[in-house]
Structures are given as structure tokens and as C-alpha cells.
1. When you scan the range 36-69, how many residues do you find that are among the small types (Gly, Ala, Ser) and more than 22 Å from Leu26 (Cα to Cα)?
2. Out of (1) modelled with pLDDT of 95 or more; (2) more than 22 Å from Tyr100 (Cα to Cα), what's the single condition that is false for Gly29?
3. Please state which one of Ala19, Ala4, Ala34 is closer than 21 Å to Lys106 by Cβ and at pLDDT 95 or above.
4. Which condition from (1) closer than 19 Å to Lys120 by Cβ; (2) surrounded by 11 or more Cβ atoms within 10 Å (Cβ to Cβ) is the one that Leu101 breaks?
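The values are calculated or read from the model by the stated rules, or taken from the named source; none is laboratory data. Everything numeric here is computed off the predicted structure, so don't read it as measured data. Virtual Cβ from ideal backbone geometry, glycine too; neighbours counted across all protein chains shown.
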Amino acid sequence: MEGAFEQEDPLTREIIGGAIEVHRVLGPGLLESAYEECLASELSDRGLQVQRQIGVPVVYKGRRLELGYRLDLLVNESVIVELKTVDKVLPVHEAQLMSYLKLMNKRVGLLLNFHVPVLKDGIVRRVR
């Protein structure tokens, strides 16, 4: 976890370490739901608080609307983790993460794509 991730905070470093462990054990090729379950378990084993499939409300003109948006993981009430199993992370995936950060009033998010040979190539970290 050197290079681009050297200066990140300890919490995202721990999350990334957990994701790397899950990817090391499982490899690419499974459904997103399998990685979500295993990563939630791994992070819990590391002493982190993990919430799964959190509803993301949209506030429109002062009204809170439940539109069915759900973020994959919320770690320690502060870091949003979105999981993907795609050939390539697209701008729409990053936009989704940034929208969730805004809607949930959170500062840091990770987009983790498990459909890569080496997980470090599938990590996007965004700060709002």
C-alpha cells in the first residue's frame, strides 16, 4: 500500500488492507454481493463498525425522499465504500460515489473494483 495511498488516513488504510485480503483470498470473478459480505466480515474482524446497504435519501425542496438508493458499506460512520465488479471503473461510478458523499454529508469515500488481477489497480479514493 505504497505510492498513492501513503498519505491517506489510518481508517481508509485499514479498509483498503481488508479489501486486499478479501481479494487475495477470493480473487476476481465473483458477484459484488460476495465481496460485500466478505469485506464486511473482514472489517468487523479488524474491529471496525460496518453497516451494509444503507438507504441514501434525496432531499428535494426540503422534502426527504426515499428513492431506493443504497450505499454498499458505511465504515465507522464516516467512510462510504462502494464495491464494483466491472471491467473498468467509469466516470458514472465515481459520480455515484461523489453523490453519495454529498447526500450523506460524508467526506471520504472508496470505490473498490474487485474485477481486477491486482486490487491496488481497482482502488479509487475520493474526498469531498
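1. So the first thing to find is which residues in the range 36-69 are among the small types (Gly, Ala, Ser), and the list is 40-41, 44, 47, 55, 62, 68.
Keeping just the survivors that are more than 22 Å from Leu26 (Cα to Cα) gives 55, 62, 68.
Residues in the range 36-69 being among the small types (Gly, Ala, Ser) and more than 22 Å from Leu26 (Cα to Cα): 3 in total.
2. The failed condition is (1).
3. On the way: Ala4 fails: at pLDDT 95 or above; Ala34 fails: closer than 21 Å to Lys106 by Cβ.
Answer to the check: Ala19.
4. Failing condition for Leu101: (1).
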